[in-house]
Amino acid sequence: MDEADLKRICERLAERVARESAMGLGQKWRCPSDLREEIVAYAVACRETGEALAPISERLGLIESTLARWLRQRRKNEDVLRGFRSVAIVPSEGIQHSDCGSQLRLTTADGHVIEGLDVESVAYLLQAIR
């Protein structure tokens, strides 16, 4: 995004913040989630250019601590999602099962195949190869 795009986005967001907050005069203002997401995306884009948080929040008509909290929440949510990995569970063909119960076979997204271990050992191994 170039500066002109950021300026247009900022003007639109600032107008919407002013309009939304004026509707609840005398009450604690709660920012709608869609507006909050747009504000956070805009703030992230501005921060990537090296801009400080204070002028960003001032342009938007927000309190700096509120914007900082929203950015922290976004980072926290990203960290939680980063911990998940996609896995595929597919039917096993041609694998013979022994009489002493089924054996665990796991193929990770990276292509590692783990089989013949108990669940705790697989969990330990996955941590080690991560």
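Just a few scattered comments:
- For the range 97-117, the set of residues classified as modelled with pLDDT of 55 or more and either over 25 Å from Ala128 (Cβ atoms) or of a type in the set (D, E, K, R) (or both) consists of Arg105, Asp110, Glu115, listed by residue number.
- Scanning the range 22-80 for residues being in contact (Cβ under 8 Å) with a residue 40 or more places away in the chain, in a helix (DSSP H, G or I) and of a type in the set (Gly, Ala, Ser) gives a total of 1.
The values are calculated or read from the model by the stated rules, or taken from the named source; none is laboratory data. Just so it is clear, the structure is predicted and the values come from calculations on it, not from any experiment. Backbone-built Cβ (ideal geometry, glycine too); neighbour counts: all protein chains shown.
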